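The values are calculated or read from the model by the stated rules, or taken from the named source; none is laboratory data. This one's a predicted model, so the numbers in the text were calculated from it and none came from an experiment. Cβ atoms come from the backbone with ideal geometry, glycine included; neighbour counts cover every protein chain shown. Surface areas here come from the heavy atoms of the whole protein model, side chains and all, with no ligands, DNA or RNA. Shrake-Rupley method; radii C 1.70, N 1.55, O 1.52, S 1.80 Å.
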Amino acid sequence: MKLTINGAEVEAREGQNVLEAALDAGIYIPHLCKHPDLEAVGGCRLCMVEIEGQDEPVCACKTSVAEGMVVNTTGEQAERVRKLAMELILATHPADCTGCPKYGKCELQSMYQYMGVSPARWRTKSRPVATDESNPLITHMFTRCIRCGRCVRACRELRGAGVLDYQRTEDGIRIGTDGSVSLQEAGCRFCGACIEVCPTGSIVDTLNMFDENKSYADNVVPCRSGCPAHVDIPRYLRHIRNGEYTRAAAVVREKVPFPESLGDICVHSCQDACKRNELNGTPVSVCRLKRAAAVRDTGDWKANVRHEPLSGKRVAVVGAGPAGLTAALYCAEKGHKVVVFEANEKVGGQMRYGIPAYRLPDATVDAEVATILEIAQGDDAEPRIELRCGERIAEPKALLDQGFDAVLVAVGTHDGTVLPMPGHDFEGVLRNTDFLKAARTGDAPDLTGKRVVVLGGGNVAYDCARTAVRLGAASVDVACLEAQDAMTSTPEERAEAAEEGVVLHDAYAFTSINETEDGSGKVGSMTIHKIERFYFDENHRAVTELLDGGEKTIDADCVIFAVGQKPEGTAQMGLELTHGPYIVADAEGKTSVEGIWSAGDCVTGTKSVIAAIAAGRTCASAIDRALGGDGDIDEELTEHDAPEQWVGHAPEGFYDDAVQPEFVDAQMRKDNFDTFECPYTDHEAACEASRCLQCDLRLTISTPRLWNEY
Amino acid sequence: MTIINFMPVHRQAPVALWLLKKDVAAAAEKIAEAGAQAVLVPAGDEVSAALADALGESCRVIECDPSLGFVYANGSAATKMLDGEKPLPSCCEGEGDDRCLSGSELLAAKGKRWVWFDGADEPVELDHVVSAESLVAAAGVDDAKAVGIGYPSGLLLRPDDTSKIELCSDYVRVCTAKNCMAKALLDICTLYRHESCGRCVFGYEGSHQIATILADICRKKGKPGDLALLRDLCPVMQAQCLCEQGRVLARTVQSFLDLFEGEIMQHTTKKVCAAGECQAFLTFHILASKCQACNKCVDSDVCEEDAILGRPRFIHVIDQKACSQCGACLDICDNGAIVTAGAVKPKCPPKPIPFKRK
């Protein structure tokens, strides 16, 4: 259909209104109450146009296009109404633009500057409304509200939540909930659509919640940006809610090749970032939901895996932990042949040798590694990834000489730290790394009836303690320097360990490991001393003040150091090191030697599996680029469905705490290495996934273009 | 969708409700004849239950917030209430698919119309076609200055106007010389502002500006360009408001300005409220003829501004420069010597003079 706007012939679709037709044709008409995703109302009267054959100007958003229609957007009458409307809006709007959080992004500000209108001839006095910060996540500053009604329409017509509406108050019409109840009481889903469509600074994300150094999208969806690998969490949670587990697992696999392992042991920084923390304190159980999806994964996504033709290049990976295997997979997908060298008997790195089997069983690691090999090979006749276990590479440079085009060093941190304290060399003193690995390989010392003291307060210390429990120790004590609230182990970990009988001595200094009385050269007890105060002095030196009479000696047959671990053998690799044994690598993993990259714990210090995977991805991409590829390792393993916009009123239970999965009872689990946390049932998974606020839904709402973008 | 509205559009003139209560059964019959799906009555009114009984299941009785009036005359707003939503108009009455019929019209005899004159105890039945002159006669007012016809007409007519008009409002106010037309208009505008739904700029911000400007005028704070602003705004409001409410208001304001621009203007230009009704223009005086020099008005400390001059056995005088027109002193004098004055001021001594007992 054709019509004429300002003398130019313009194409329009049947059913469009004049405003849409003009904007599509690049002709700007000021408008406020009309939002591209919402029904037109015609309240603001800014989009006035004159139409040939009609006496009065009409609002373009409520006028349907017609064949041959002749429209003038700048006629005198239309401009008069438009200016008057803007004057009236501004007359009661606060004039202090610079103090507004929306300054520079405000549609009203942009528009009145475009129109050059001042309300000075009218009675100018804003209507003061107290800022409402009582709701989580969303702040209402309705003194800036211009009653365009976009938030009401977004809440009711787009989202179906029906929380916001026009409210009559003594001081006039306001936007709010019926009965002025809190957003939660009104059934708000906290989807943020109201914030997204508000043209002024009336409905905003709680001030200071956003990190200025992060992008808008990263701030709006903090779980996704909080995950080192940027897994599209809201997207896969929607699939879980719909019972589409394989598609959920596919979404996870677009970024990480170990969904189930991560479902078991991920440190889930996504959950720390989850906006539900602000709502009722418990985040969505993203990690458990990932496990729920992974254990039900049928692998239908495998056909969509990237499989580029062979490049003829060869990549060597030193260390088959999460960083190395991840990099191996993505290098292979990009067409490079990969050989993975692993010093240990089996692949998996810390996932196999550093984490106890009751948290991450061998079978899970084996299965996920097998899948990596399978999808890397695809329909090739030959495998693209070759695993060579039991081969320790002392000098990675030599691999370049052997014909590899790139080498990735991802050897992790397998050298446990022993503190040089009295008695550290008695028989019965063990290192975390050795102890945990021995437990995994079946070479663990027999602890039956033994008294064990673990030194350290992190999750590894608890891994050691709980492993000792399972090896039959008569008693297990954990002692650490930090007070309980400063310990790096998770509260859940500590609670579960306590159920299994582990006793915690927090805020204790380690005095000495003592020999048995008979001078056997074996450990007999452990002396620790209560710390009264711990701080850093002006020279940043740690100072511990001990409590008088706070000494305590615990009988012990075995003392395990779990006070940190570092890379092994890096000093001989010919790479630049830092802070002792750590490898220097840039943001893309490049080391001081051309052709050698490094990733994972051996660069960053002991971190997490997900951080190692993320680093592995970065390196794979960098290596691919160095080998002549485009470095693009992103995948779409399942289609991006357009998410349902209609979320409805908050259902019953929406504000409840996280769903707890079933656990095997402490007495039943403490004598074996079986996993004890059951994956969510279908119902539990659906309930928990439904708790997601779907923060990303906001990003699907169109952003109206301002006049300077036309 | 047809809805019959028994909500008083003007609270002073509950004509439809009055007619309904006179004979609920007959009203129910007429409602059924009209094929209405719903009727609107004020929440908490006992007629609601009686009407529901009489109507049976064919027609719903919806109880409405009695603090509002105009909005129920709009079909698009009334229909929303059927779904439990707030009555927010989405278009002018008559433009959408839904109709809201006036209960007064439904229950009036053919060719007749019931009208409630401002201040009357009950409505009177008049011919459907009237003139300002006939309305003044019906109201029985001698010194009429203007005839105001309420919602949805929004007209102000000269009392001697004989042109025929169709009466379509329940409410008529006949203004006399005692009524200040600026204040009369302010009262109407305040009501419209209270009812404005806030969904369109001209309806909400327009009524806000009009009411604020008029309030300023009546408080002696008018500005020279005020009436020009109203003249500028009202025609646009009449064309651009989303529903008839703002449009009727704009028409009413224009109608007042057409007939009484001078009287309203005087408030600003001459600082005079000719009718003596606007409090801010009143002056306070102590009549020398009545003052008994008792000094009670001074002794009582009633005047916070210390504007009452004098001492015992002197005729007291109010210092007009110091007086803030608060009115606190009016009742303190047992002799009724303290009075207010509008345009015409009593003669008073400029400063206290000795009191001579007569």
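Structure summary
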read-out	value
Potential lengthening between A:Ser182 and A:Ala66 on full extension [0.36 nm per residue; Cα-Cα distance subtracted]	37.2 nm
For the stretch A:99-135, residues shielded by at least 10 square angstrom of accessible area compared with the chain on its own, probe 1.4 Å	A:Arg121, A:Trp122, A:Arg123, A:Arg127
Ranking by accessible area, most exposed first, for A:Thr177, A:Thr618 with a 1.4 Å probe	A:Thr618, A:Thr177
Cα gyration tensor shape of the stretch A:503-636, rounded if a/c is under 1.5, else prolate or oblate by comparing a/b with b/c	prolate
Order of exposure, largest accessible area first, which applies to A:Thr604, B:Thr268 with probe 1.4 Å	A:Thr604, B:Thr268
The stretch B:44-175, accessible area per residue, ligands and nucleic acids excluded (1.4 Å, Å²)	46 Å²
Förster radius 45 Å - calculated FRET efficiency between B:Asp306 and A:Glu170 (Cβ-Cβ, nearest 0.05)	0.80
Members of A:Lys83/B:Lys183; A:Lys313/A:Lys346; A:Lys450/A:Lys522; A:Lys83/B:Lys223 lying beyond 19 Å, as alpha-carbon distances in this model show	A:Lys83/B:Lys183; A:Lys313/A:Lys346; A:Lys83/B:Lys223
Within a Gaussian network of chain B (alpha carbon springs, distance under 10 Å), most fluctuating of B:Gln320, B:Gln266, B:Gln37	B:Gln320
Inter-label distance for A:Glu374 and A:Ala498, nm, one decimal - labels placed 7 Å from Cα along Cα-to-Cβ	4.3 nm
Approximate spin-label separation A:Glu652-A:Ala438, in nm, with each point projected 7 Å along Cα-to-Cβ	5.6 nm
Rounded if a/c under 1.5, otherwise prolate or oblate - the stretch A:32-167, Cα gyration tensor axes	oblate
Among beta bridges that DSSP assigns inside the stretch A:453-584, antiparallel share in %, nearest 5	65 percent
For the stretch B:194-257 versus the stretch A:310-382, the gap between their alpha-carbon centres in whole angstrom	76 Å
Global geometry of the stretch A:368-519, whether rounded, prolate or oblate, following the gyration tensor of its Cα atoms and the 1.5 cut on a/c	prolate
Pairs from A:Lys530/A:Lys566; A:Lys105/A:Lys214; A:Lys290/A:Lys334 whose Cα-Cα separation, in the structure shown, is over 21 Å	A:Lys530/A:Lys566; A:Lys290/A:Lys334
At R0 = 22 Å, FRET efficiency that the Cβ-Cβ distance of A:Asn304 and A:Thr700 yields, to 0.05	0.45
Projected label distance in nm at A:Ala666 and B:Lys112, using a 7 Å step from Cα toward the beta-carbon	8.9 nm
Nearest-10 value in Å² for the accessible area of A:Asp264, using the 1.4 Å probe	40 Å²
Fraction of accessible area attributable to carbon and sulfur, the stretch A:1-139 (%, probe 1.4 Å)	47 percent
Heavy atoms of A:Trp597 accessible to a 1.4 Å probe, total area in Å² rounded to 10	10 Å²
Residues of the stretch B:1-43 with amide N under 11 Å of the 7 Å Cα→Cβ point at B:Asp53	B:25
Chain B: DSSP helices with Cα axial extent of at least 15 Å and average Kyte-Doolittle hydropathy no lower than -1.0	B:181-195, B:201-218, B:226-240, B:244-269
Förster-model FRET efficiency, 56 Å R0, B:Cys168 and B:Asn295, C-beta, rounded to 0.05	0.40
Under 19 Å from the Cα of B:Lys164 - lysines, other chains or at least 8 residues apart	B:Lys110, B:Lys112, B:Lys145
Net charge of Cβ neighbours under 9 Å - reference A:Tyr462; Lys, Arg +1; Asp, Glu -1	-1
Positive-end residue, the protein assembly as shown charge dipole about Cα centroid, Cβ charges, pick of B:Tyr192, A:Pro567, A:Ala357	B:Tyr192
Cross-link partners of B:Lys290 among lysines (Cα-Cα below 29 Å; sequence separation of 8 or more within a chain)	B:Lys178, B:Lys271, B:Lys321, B:Lys345, B:Lys347, B:Lys351, B:Lys356, B:Lys358
A:Phe510 accessible area, 1.4 Å probe, all protein chains in place, Å² to nearest 10	40 Å²
Label zone at B:Gln12, where the point sits 7 Å out along the Cα-to-Cβ direction: the stretch B:120-160 residues whose backbone N lies under 13 Å	B:120-122, B:146-151
Mean Kyte hydropathy of -0.5 or more with a Cα span along the axis of at least 20 Å, helices from DSSP in chain A	A:76-91, A:362-377, A:609-626
Area hidden from solvent between B and A (accessible, protein heavy atoms only, 1.4 Å, total, Å²)	2800 Å²
Reach of B:Lys21 by Cα under 16 Å, taken over lysines that are not fewer than 8 positions away in the same chain	B:Lys30
Per residue convex hull volume, Cα atoms of the stretch B:184-265, in Å³	76 Å³
DSSP beta bridge pairing in the protein assembly as shown, given as percent antiparallel to the nearest 5	55 percent
Most to least packed among A:217-223, B:46-52, A:661-667 [average Cβ atoms within 10 Å]	A:217-223, B:46-52, A:661-667
Shape metrics for chain B, restricted to C-alpha atoms - Rg then Dmax, Å	24.9, 81
Convex hull of Cα atoms in the protein assembly as shown, direction-averaged projection (nm²)	63.0 nm²
Using distinct alpha-carbon pairs, which all enter the 1/r mean, Kirkwood radius of the stretch A:433-541 in Å	15.0 Å
Loop-located chymotrypsin sites (Phe, Trp or Tyr not before Pro) in the stretch A:620-660 whose Cβ has at most 12 other Cβ within 10 Å (DSSP)	A:Trp646
Difference of contour (0.36 nm per residue) and Cα-Cα distance, A:Arg533 to A:Cys678	48.1 nm
Under 19 Å from the A:Asn277 label point (7 Å along Cα→beta-carbon), backbone N, the stretch A:477-520	A:485-494
Over chain B: helical MRE at 222 nm, DSSP H runs n ≥ 4 each giving -39500 (n - 2.57), nearest 500	-11000 deg cm²/dmol
Protein accessible area in chain B, 1.4 Å probe - carbon and sulfur %	51 percent
